[in-house]
């Protein structure tokens, strides 16, 4: 059920990997670097399932930009809005979070995250582990398809249900205990 909605909320739909996702990220990164450059303290990274070749995913490009701090990057919220990103105070203690073009239809998520924070390190470690471990990535894809069916119109429950898997992978990816 492509882009189905209930009460204005988009459904959670997992699709096959699209080889265009990396180039869509690159295009968006160039726009973001120009608009957010003065707030960036590090790279703009493609993370999440669309950043793992071959992995089924929600067709939303997850982008994480490294900033010095949330306070120092507060003015970047308006700058991101100029590119069509809609700000939501989701986990405002950890990041500035946006979706584009709207909550009901999302093509991109943007996360402004303090560079080298626990969230920054964990997200990249998770992505990198799935990239190098295809069997684990396949297990993750299978689980996501089942959770998308179960929580079709509850993105929060879908995300929360992935938590134990993510923590297990982080324990493997960051064996020094630097994950939460």
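Summary table
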quantity	calculated
Test for residue 105: is it modelled with pLDDT under 95 and within 23 Å of residue 153 (Cβ to Cβ)	yes
Residue match in segment 155-173 (condition: surrounded by 16 or more Cβ atoms within 10 Å (Cβ to Cβ) and touching a strand residue (DSSP E or B) at 6+ places or on another chain (Cβ under 9 Å))	yes
Subset of segment 47-73 that is crowded, with 22+ Cβ neighbours inside 10 Å and free of Cβ contacts under 8 Å to residues at least 40 places away in the same chain - its residue that is nearest to residue 34 (Cα to Cα)	73
Residues of segment 151-179 satisfying the condition of being in contact with a helix residue (DSSP H, G or I) (Cβ under 6 Å, 6 or more places away or on another chain) and outside any helix (DSSP H, G or I)	151, 174, 179
Residue ID - surrounded by the most Cβ atoms within 10 Å (Cβ to Cβ), chosen from residues in segment 79-113 that are over 13 Å from the mean Cα position of the chain (by Cα) and in a strand (DSSP E or B)	87
Tally, over segment 34-88, of residues that are out of contact with any strand residue (DSSP E or B) (no Cβ under 8 Å at 6 or more places or on another chain) and on the phi > 0 side of the Ramachandran plot	1
Residue 76 vs. criteria without any contact (Cβ under 8 Å) to a residue 60 or more places away in the chain, in contact with a helix residue (DSSP H, G or I) (Cβ under 8 Å, 6 or more places away or on another chain) and buried (at least 20 other Cβ atoms within 10 Å of the Cβ)	yes
Pairs with Cβ under 8 Å, 6+ apart, first in segment 11-22 and free of Cβ contacts under 8 Å to residues at least 40 places away in the same chain, second part of a strand (DSSP E or B)	22/46
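Residue by residue, here is whether (1) within 16 Å of the chain's Cα centre (by Cα); (2) part of a helix (DSSP H, G or I) holds:
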residue: 116; (1), (2): no, no
residue: 131; (1), (2): yes, yes
residue: 141; (1), (2): yes, yes
residue: 149; (1), (2): no, yes
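The values are calculated or read from the model by the stated rules, or taken from the named source; none is laboratory data. This structure is a prediction, so every number in the text was calculated from the model and none was measured. When we count neighbours, we look across all protein chains shown, and the Cβ atoms used for this are built from the backbone with ideal geometry, even at glycine.
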